[in-house]
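K.L.:
Before I ask anything, here is the structure I am working with.
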Amino acid sequence: MPEPIGEFSDRVVVVTGASQGIGAATALAFAKAGATVVAGCPTHDAESHRQAVANWREEAGLPPERVAPVTADVSQTDDVTEFYDTVQKHFGHVDVLVNNAGINRDHTLAKMTDEEWRAVIAVNLDGTFFNCRGVLPLITDGGRIINISSMVAQTGNFGVANYAASKAGILGLTKSLALELAPRRITVNAVCPGFIDTDMTRSIPDEVLQKYLERIPLGRPGTPEDVAATVLFLASPGAGYLTGQSLGVNGGLYTGD
Ligand code: NAP
């Protein structure tokens with residue numbers, strides 16, 4: 001794993017969906033760089049998610065006070081309100097929010113059910129909105145909000161209209177919020193990962209996967225640590241003049257804006 005960028009001692013960082021995949025790698029990178037991390041976990045299978053957070057924390061030799069698992073279903077406004085009440089009670093403020101929790105429910109549009117559409121919009125887009133709004137009273141001036149979107153928000157893809165719409169919505173939210181929060185020097189940016197090796201992509205059939213991988217100019221799938229490194233860069237002091245942007249982490253698979 002690349003060395004973490006920056007120094008985050010005394011910083012309070014919230015990462016949603018932090019028990020596994022990109023969220024876990026990001027939360028771990030912040031904790032290793034000195035931050036106190038609030039590791040968001042879903043309410044379904046809450047205990048196993050909290051245990052997963054404890055596992056990666058222990059493996060990294062970090063003490064319990066540096067990584068606190070806190071549960072909330074990001075798609076539920078009351079859950080998110082309660083989540084930030086807990087964060088305020090225990091940590092007082094937030095310096096960095098990373099909206100990472102996300103799901104996919106893939107089907108071509110003709111076969112997509114209302115439930116599949118609504119579930120993906122609810123977690124990915126509503127969840128990002130609820131967390132951005134929830135953190136506002138707590139986030140420090142000069143703070144950072146980083147929203148995990150996706151390359152498919154920029155390109156579209158077969159069978160993922162609900163997911164692509166939710167992730168494109170995040171880009172619009174990001175740009176608007178960047179303008180609203182600029183007077184407080186809070187930057188708001190999005191990261192658009194391409195193909196990253198996590199549970200989310202492991203269900204892709206082998207033949208589809210191989211075709212996809214062959215098209216990546218850098219010749220390998222991305223790792224959760226590749227995305228984490230970009231998130232830490234956006235949270236670092238050196239990125240203080242960068243706001244309302246989306247950064248692709250896709251190995252060159254898409255080189256547009
Ligand atoms: P992942 O391993 O499935 O992690 C997502 C995490 O979010 C899981 O822990 C998941 O819990 C949690 N989550 C799901 N619903 C939630 C809810 N309602 N409330 C709170 N947490 C919830 O996937 P990943 O690949 O690391 O993805 C992380 C982010 O990157 C997502 O936003 C994803 O869309 C985005 N992304 C991923 C890729 C990729 O290639 N992997 C590419 C572009 C963008 P459960 O597992 O229990 O549902």
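K.L.:
Can you tell me how segment 12-249 classifies by the Cα gyration tensor, rounded, prolate or oblate, using a/c under 1.5 as the rounded cut?
P.N.:
rounded
K.L.:
Want the number for Leu179 to His90: 0.36 nm per residue separation, take away the alpha-carbon distance, what's left?
P.N.:
29.1 nm
K.L.:
Once the Cα gyration tensor of segment 82-141 is found, what semi-axes does its equivalent ellipsoid get, as square roots of 5 times the eigenvalues, in whole Å, sorted largest first?
P.N.:
Over the Cα atoms of segment 82-141, the ellipsoid semi-axes are 32, 10, 8 Å.
K.L.:
Among the trypsin sites (Lys or Arg not before Pro) in segment 176-218, which ones are in a DSSP loop with at most 16 other Cβ atoms within 10 Å of the Cβ? Mind listing them?
P.N.:
In loop regions of segment 176-218 (DSSP not H, G, I, E or B), the sparsely surrounded trypsin sites (Lys or Arg not before Pro) are Arg185, Arg215.
K.L.:
Which length gain, in nm to one decimal place, applies between Asp78 and Asp199 when the Cα-Cα distance is subtracted from 0.36 nm times their residue separation?
P.N.:
Extra length available between Asp78 and Asp199 comes to 40.8 nm.
K.L.:
Right, here's the next one. Tell me, how many Å apart are the Cα centres for segment 26-83 and for segment 197-213?
P.N.:
Value for the Cα centre distance between the two parts: 27 Å.
K.L.:
Would you kindly state how much longer the chain becomes between Leu209 and Tyr241 on full extension, computed as 0.36 nm times their sequence separation minus their alpha carbon distance, in nm to one decimal?
P.N.:
Stretched out fully, the Leu209 to Tyr241 stretch lengthens by 7.8 nm.
Read-outs: derived from the displayed coordinates by stated rules, not from any lab. Bear in mind the structure is a predicted one, so any value in this text is a computation, not a measurement. Don't worry about glycine lacking a Cβ; one is built from the backbone with ideal geometry, like all the others, and counts go over all protein chains shown.
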